[in-house]
1. Can you tell me how many residues within the stretch 144-174 are basic (Lys, Arg) and free of Cβ contacts under 8 Å to residues at least 24 places away in the same chain?
2. If you take the residues in the stretch 31-41 that are in contact with a Ser or Thr (Cβ under 9 Å, 6 or more places away or on another chain) and not acidic (Asp, Glu), which one is nearest to Asp202 (Cα to Cα)?
3. For Gln93, work out the one condition from (1) surrounded by 16 or more Cβ atoms within 10 Å (Cβ to Cβ); (2) within 24 Å of Tyr266 (Cα to Cα) it doesn't fulfil.
4. Counting just the residues of the stretch 303-321 that are touching a helix residue (DSSP H, G or I) at 6+ places or on another chain (Cβ under 9 Å) and small (Gly, Ala, Ser), which one comes out surrounded by the fewest Cβ atoms within 10 Å (Cβ to Cβ)?
5. Of Ser195, Ser172, Ser186, which residue is among the hydroxyl-bearing types (Ser, Thr, Tyr) and more than 13 Å from the chain's Cα centre (by Cα)?
6. Among the residues of the stretch 97-123, write down those that are hydroxyl-bearing (Ser, Thr, Tyr) and either in contact (Cβ under 8 Å) with a residue 12 or more places away in the chain or outside the structural domain of Thr74 (by TED's automatic domain parsing) (or both).
7. Need the failing condition index for Glu287 against (1) closer than 20 Å to Thr125 by Cβ; (2) out of contact with any Leu (no Cβ under 7 Å at 6 or more places or on another chain); (3) surrounded by 17 or more Cβ atoms within 10 Å (Cβ to Cβ); (4) not β-branched (Val, Ile, Thr), just the number.
Amino acid sequence: PTPEMRAAMADAVVGDDLGGEDPTVRELEDLAAELFRKDAALFVTSGTMGNLVSLLTLSRRGDTLLVDPESHVTLAEAGGFAALAGCSVIPIQTPGWLTPADIEPHIGPVTTHSLNPAIIWTENTHNRRGGVAWGPQVMRDLADLAQRHGLRIHIDGARIFNAAAALDLPVSDLADGADTVQFCLSKGLGAPFGSMIVGSSDLIDRARRTRQLVGGGMRQAGVMAAAGLIALRDSPGRLADDHRRAQQLGDVIDDLPGLRLVSPVYTNLIFVTWDPDVLDLDVFVAEAAKHGVGVGGARGDMFRLVTHHQISDADIEEATDVLAAAADAAAAVSAHT
């Protein structure tokens, strides 16, 4: 959190949020709804809770999600879509966004034997697809399809403000046509806690009850909501700097021995793969950490680096030197093994 967030948290006016009496939470929810041009919003503890509450609100047990298998909901939310919501998935490989052509082959008459496709589940930016951002036309196409087939649409917008910054659009343009959107106040926006769900008044009323069902009700939550207000008001305007710094770092990494970008640097996420015949990854990670540069845990054949508001231009210059030295050290070890 920024110093301004810490000060706001210390001075926050609070009340009992479960009774709708916390004025700072109400202010945060009103601001989120306004920014997304939705009827209402709900403050929740995390992006995972926001996705789960949205799913439980939109679905019935036995429903099926149409979703990219590399999505956060399928990989990093402890299987809540199945264990708690009772839903299955139809995995659809994408470059980071779904299209009607991807979805229509999976929609047909629901029989006693078939799955019941009910929810189009999207992610913007799409983390595991390189942080790629997709624009309003994608949502317009999906919304038209959903209306014709009676489907719901959810956006996991953990980093949707990064998408808006990359596309130079208001965030509401990216949410138009979605039934629910979850976005994080942490991550790029820099708050220490919390996410929001936005949607229609009816859906948010139901989501509020669902939040209580999964143990997410809070009392004097205004302490945390105060930081969220600062995040929403102050942070979106500087996200382009995070993207520029990520691009600068990615350009350097792509030229280091044994390392290669998995995809272009679209926003603030840098995904890197390595050649084990050229570079010892364990040595690279350890050498970078020794000098203060954290490399995200490798999964499969890639790892991740992220820029954020606490990373300055000077930090990027230092990080490029550290990573270059770490790559040289890791390549030297690999050459002798």
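1. Adding up the residues that qualify gives 1.
2. Restricting to residues being in contact with a Ser or Thr (Cβ under 9 Å, 6 or more places away or on another chain) and not acidic (Asp, Glu), the top hit is Ala40.
3. The one condition Gln93 does not meet is (1).
4. Ser312
5. Only one candidate passes the filter, namely Ser172.
6. Within the stretch 97-123, Thr99, Thr122 qualify.
7. In the conditions (1) closer than 20 Å to Thr125 by Cβ; (2) out of contact with any Leu (no Cβ under 7 Å at 6 or more places or on another chain); (3) surrounded by 17 or more Cβ atoms within 10 Å (Cβ to Cβ); (4) not β-branched (Val, Ile, Thr), Glu287 misses (1) alone.
A quick yes/no check of all residues on (1) part of a loop (DSSP other than H, G, I, E, B); (2) modelled with pLDDT of 95 or more; (3) charged (D, E, K, R):
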| position | (1), (2), (3) |
| --- | --- |
| Asp242 | no, yes, yes |
| Val265 | yes, yes, no |
| Ile270 | no, yes, no |
| Pro276 | yes, no, no |
| Val285 | no, no, no |
| Ala314 | no, yes, no |
| Thr320 | no, yes, no |
| Ala325 | no, yes, no |
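The values are calculated or read from the model by the stated rules, or taken from the named source; none is laboratory data. The model shown is predicted, which means the values in this text are computed figures rather than measured ones. Glycine also receives a Cβ, built like all others from the backbone with ideal geometry; neighbour counts cover every protein chain displayed.
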